[in-house]
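Scroll down for the structure; my scribbles are underneath it.
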Amino acid sequence: MNHPSIKAILFDLDGTLTHSAPDLSTGINRMRAEYNLPSIDINGVVAMIGHGVRSLVANAMRDVTSQNPDFDLELAYQRFAKHYHEVNGTDSVEFDGVTDTLKSLHAKGIKLGVVTNKAAEFALPLINAFAWSQWLDVIVCGDTLPIKKPKPEPLLHACAQLGVTVDEILYVGDSMTDVLTAQAAQCRCVVLSYGYNEGVPIREALAQKALNIPIFDHFSQAVQLG
C-alpha cells in the first residue's frame, strides 16, 4: 500500500513487530506455578495480550481473584515480572521482514517509532534484543504517560516528539486497540493479519464493527511508500 505523504511510521510492538507470546506465556506460567495453579496454554495467553502487563497478570489470575477478591495482585505482578525479566526476548521472534523493512525505511529518511502498552522495563529490553533502537526515533511505552492506548495521547505524544502532525503519520498495529487508538488520534492506520487482537482474528473483529481498515499479511506490504 502506498503512502506518499507519510513522514513518520509508528508501530505497535507485541503482535506487530515481534511474536513475544512464548516468553509472556513462560512468565505467566512460572508465576502461576508459584501458586500451584495449572498452566495456561499459549493461545489462552495470547487472548490476554494488548493492554499492558498488569492487565495480562490480572487476566491470568482471574480464576483466583474471582474466588478471592482480596488476593494480592501486586505480589503476583512482582512474581511475574521477575520471571519475565529472566526470559524476555529468549523465545520471542521478529515477524518476517521486520528488521530489513525498518532498516530500509530509516535509510529513506522516514522517522520511525514504537507506541506500545508494554511497560518500559519490558519493552526496551525486547526492542534492544532485536537491535531495533538504532532505527527508532521515539519509543512510547505503556508507562511513558499516565494513560494508555486506545486513548490517543500515546500517539499524539509520539508525534510531538517527532515534530510531525497526525496527518503525516501512519500507525501500524495488529489489534482493535490499535485501530481505536488511530481513530481517536485521527491518523491513518493499517493492521497486520498475523497479530494477537485478544484471540479474535482482526479481519473478523473489523467486519463486526463494519470498519474498512487495510489489512496485510506481510509486514513489508503494510509500509510501502509511494
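The values are calculated or read from the model by the stated rules, or taken from the named source; none is laboratory data. Here the structure is a predicted model, which is why all the values come from computation and not from measurement. All Cβ positions, glycine included, derive from the backbone under ideal geometry; neighbour counts span all protein chains shown. The protein model used for the area step is the full one, side chains on, heavy atoms only, and it has no ligands, DNA or RNA in it. Shrake-Rupley method; radii C 1.70, N 1.55, O 1.52, S 1.80 Å.
If Pro69 passes every condition in (1) touching a residue at least 40 places away in the same chain (Cβ under 8 Å); (2) over 18 Å from Thr116 (Cβ atoms); (3) in a loop (DSSP other than H, G, I, E, B) but one, which one does it miss?
Checking Pro69 against (1) touching a residue at least 40 places away in the same chain (Cβ under 8 Å); (2) over 18 Å from Thr116 (Cβ atoms); (3) in a loop (DSSP other than H, G, I, E, B), the one that fails is (1).
Would you be able to say whether some residue in the range 131-145 is among the aromatic types (Phe, Trp, Tyr), over 17 Å from the mean Cα position of the chain (by Cα) and under 17 Å from Ile6 (Cβ atoms)?
yes
Condition first: surrounded by fewer than 22 Cβ atoms within 10 Å (Cβ to Cβ) and either under 11 Å from the mean Cα position of the chain (by Cα) or part of a strand (DSSP E or B) (or both). Now tell me which residues in the range 166-186 satisfy that.
Thr177
Quick one: which of Ile139, Ile110 is open to solvent by less than 30 Å² (accessible area, probe 1.4 Å) and touching a residue at least 24 places away in the same chain (Cβ under 8 Å)?
Ile110
Yes or no: Ala60 aliphatic (A, V, I, L, M), in contact (Cβ under 8 Å) with a residue 40 or more places away in the chain and crowded, with 19+ Cβ neighbours inside 10 Å?
no
Right, Val191: part of a helix (DSSP H, G or I), β-branched (Val, Ile, Thr), open to solvent by less than 10 Å² (accessible area, probe 1.4 Å) and under 17 Å from Val223 (Cβ atoms) or not?
Taking the combined requirement at face value, the residue does not satisfy it.
Out of all the residues in the range 74-106, which are in a helix (DSSP H, G or I) and within 20 Å of His218 (Cα to Cα)?
Result: Val98, Thr99, Asp100, Thr101, Leu102, Lys103, Ser104, Leu105, His106.
Considering only the range 22-33, I want to know if a residue exists there that is in contact with an Asp or Glu (Cβ under 6 Å, 6 or more places away or on another chain) and open to solvent by 60 Å² or more (accessible area, probe 1.4 Å).
For the range 22-33, residues in contact with an Asp or Glu (Cβ under 6 Å, 6 or more places away or on another chain) and open to solvent by 60 Å² or more (accessible area, probe 1.4 Å): absent.
Could you give me the residue pairs with C-beta distances under 8 Å whose first residue belongs to the range 72-89 and is more than 12 Å from Arg30 (Cβ to Cβ) and in contact (Cβ under 8 Å) with a residue 24 or more places away in the chain, whose second residue is of a type in the set (S, T, N, Q) and open to solvent by 70 Å² or more (accessible area, probe 1.4 Å) wherever it lies, and which are 6+ apart or on separate chains?
none
Yes/no matrix, rows are residues, columns are (1) basic (Lys, Arg); (2) part of a loop (DSSP other than H, G, I, E, B); (3) at negative phi:
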| residue | (1), (2), (3) |
| --- | --- |
| Ser5 | no, yes, yes |
| Leu10 | no, no, yes |
| Thr16 | no, yes, yes |
| Pro22 | no, no, yes |
| Thr26 | no, no, yes |
| Arg32 | yes, no, yes |
| Asn36 | no, yes, no |
| Ile40 | no, yes, yes |
| Gly44 | no, no, yes |
